[in-house]
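Engineer: My questions will all concern the structure given below.
The values are calculated or read from the model by the stated rules, or taken from the named source; none is laboratory data. From a predicted model like this one, the values you see are computed outputs, not experimental measurements. Using ideal geometry, Cβ is built from the backbone for each residue, glycine included, and neighbour counts are taken over all protein chains shown.
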Amino acid sequence: MDTTSSSRSSTAVSLLVIFFVFFFIIFTYTTLHEAGHALVGLLSGGRLTSFSIDFITFGAHAGIQGEFTTAQQALIAVSGVGLPLVVWTAFLLLVPPAPRDPVLARLLLVGTAGVHGSLLAWVIVPLVLLAGGTARDDSANFIRLTGVHPLRVAAAALLVIAGGVGLYLRRSGGLRQAVGTMRTPLHKPGDSPTLWAMGVVLVFMAALAGGAGLLVRETREAAVPAGYEQAFSIECSGQAHREDVIYTFQLDGPARASFFFVFDDFKHGPLKLALTGPDGPVFIFMEAGEVVEIGHATINPQPLQLDEGAYEIRLTAPQEPSRLQGYVSFK
């Protein structure tokens, strides 16, 4: 193989490794972010209602439901960035200083940039709020719940970023050493134990998420009261709904109707679920404005005594990856 072909091959391998490192960091960070929310929520007495990892969108989602104090809600808000930060700091302290493994060197650089870069939201959003703007994220929720001045939150985030970058430079042997290691060619990345360890971690997280998701689904199914039959299951990821008819039924005589609804992963509104009959509106099961934030919730209103006629259940909901399930019982 000539020099030019060897150089092209080395460049292609390096690009593939860099892509995998970026994938690993983004995927691991989002998983730890959601796990941080879920872990603190569970420790605060909440219940896990959803957990999933998406290899396609590099995303993860965890839902937690419970009655939390203001302090617990604030801790849940900060735990999203807190857990990845703690894990990454521990990793930096455990790896050998000034590593010679070029894959590990790239992982340390990209990981430090990714984890601490996420803290920039805790710098920018407080300044936006201070200027009179609005925001909906963990940092905004933390400020609202605690009443801490936005400038203090932004300053604290900057100090954490500076400390993390300083720790990285110290453990990597300084900026010159880090840049030199990053330039090391990757002729045989398969010989790197770091690359194999990253693969094992990804498989472990996927298995853990699969087990958690299965447990959550079993818990949800068990929560449906006895005697109900599923009437519909609506996925809102494909389209928005505006007073759309999602279920109809005909009563040949007076009947006692009971309903049970399961809402999953609704973050925005407007949201409305209502029953109409032969003479117009009958009952509103759910109505909310622009902000919903429902990870998992059930509604089981009192049974309705309905007269003979045709009835429709209508839904208003935005287009987002959410799901609504309905169960009915007639007596």
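Conditions tested, residue by residue: (1) farther than 24 Å from residue 37 by Cα; (2) of a type in the set (Val, Ile, Thr).
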| site | (1), (2) |
| --- | --- |
| 250 | yes, no |
| 259 | yes, no |
| 276 | yes, yes |
| 294 | no, yes |
| 306 | yes, no |
| 320 | no, no |
| 330 | yes, no |
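Engineer: Is there a residue in segment 169-184 that is within 26 Å of the chain's Cα centre (by Cα), buried (at least 17 other Cβ atoms within 10 Å of the Cβ) and in a helix (DSSP H, G or I)? So that I can check it myself, show each step before the final result.
Structural biologist: We begin by selecting, within segment 169-184, every residue within 26 Å of the chain's Cα centre (by Cα); these are none.
No, because not a single residue in segment 169-184 is within 26 Å of the chain's Cα centre (by Cα), buried (at least 17 other Cβ atoms within 10 Å of the Cβ) and in a helix (DSSP H, G or I).
Residue by residue, here is whether (1) closer than 28 Å to residue 16 by Cα; (2) not in a helix (DSSP H, G or I) holds:
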position: 90; (1), (2): yes, no
position: 105; (1), (2): yes, no
position: 117; (1), (2): yes, no
position: 125; (1), (2): no, no
position: 148; (1), (2): no, yes
position: 159; (1), (2): no, no
position: 167; (1), (2): yes, no
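Engineer: A follow-up question, please. Being touching a Pro at 6+ places or on another chain (Cβ under 7 Å), within 27 Å of residue 254 (Cβ to Cβ) and either in contact (Cβ under 8 Å) with a residue 60 or more places away in the chain or assigned to a strand (DSSP E or B) (or both) is the filter here, so list the residues in segment 307-331 that pass it.
Structural biologist: Here is the first cut: in segment 307-331, the ones touching a Pro at 6+ places or on another chain (Cβ under 7 Å) are 307-310, 316.
Among the residues that remain, those that are also within 27 Å of residue 254 (Cβ to Cβ) are: 307-310.
Within segment 307-331, 309, 310 meet the criteria.
Engineer: With respect to the numbered conditions (1) at pLDDT 90 or above; (2) closer than 22 Å to residue 224 by Cα; (3) more than 23 Å from the chain's Cα centre (by Cα), which one is the sole condition not fulfilled by residue 325?
Structural biologist: Among (1) at pLDDT 90 or above; (2) closer than 22 Å to residue 224 by Cα; (3) more than 23 Å from the chain's Cα centre (by Cα), the lone unmet condition for residue 325 is (3).
Engineer: I'd like to check something: does segment 290-300 contain any residue that is aliphatic (A, V, I, L, M), modelled with pLDDT of 90 or more and surrounded by fewer than 18 Cβ atoms within 10 Å (Cβ to Cβ)? Please lay out each step first, then the result.
Structural biologist: Keep residues of segment 290-300 that are aliphatic (A, V, I, L, M), which gives 291-292, 294, 297, 299.
Remaining after also requiring modelled with pLDDT of 90 or more: none.
No, there is no match, as no residue in segment 290-300 is aliphatic (A, V, I, L, M), modelled with pLDDT of 90 or more and surrounded by fewer than 18 Cβ atoms within 10 Å (Cβ to Cβ).
Engineer: Test residue 57 against the stated conditions and say whether it is at pLDDT below 85 and either among the basic types (Lys, Arg) or outside any strand (DSSP E or B) (or both).
Structural biologist: Details: at pLDDT below 85: yes; either among the basic types (Lys, Arg) or outside any strand (DSSP E or B) (or both): yes.
So residue 57 fits the description; yes.
Engineer: State the number of residues belonging to segment 14-35 that are without any contact (Cβ under 8 Å) to a residue 60 or more places away in the chain, of a type in the set (A, V, I, L, M) and under 26 Å from residue 78 (Cβ atoms).
Structural biologist: 2
Engineer: So is residue 98 surrounded by fewer than 21 Cβ atoms within 10 Å (Cβ to Cβ), of a type in the set (A, V, I, L, M), over 26 Å from residue 263 (Cα atoms) and at pLDDT 90 or above or not?
Structural biologist: On the way: surrounded by fewer than 21 Cβ atoms within 10 Å (Cβ to Cβ): yes; of a type in the set (A, V, I, L, M): yes; over 26 Å from residue 263 (Cα atoms): yes; at pLDDT 90 or above: no.
Criteria not met by residue 98.
One line per residue, one yes/no per condition, for (1) under 30 Å from residue 137 (Cβ atoms); (2) in contact (Cβ under 8 Å) with a residue 24 or more places away in the chain; (3) outside any strand (DSSP E or B):
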{"position": "250", "(1), (2), (3)": "no, yes, no"}
{"position": "273", "(1), (2), (3)": "yes, yes, no"}
{"position": "301", "(1), (2), (3)": "no, yes, yes"}
{"position": "305", "(1), (2), (3)": "no, yes, no"}
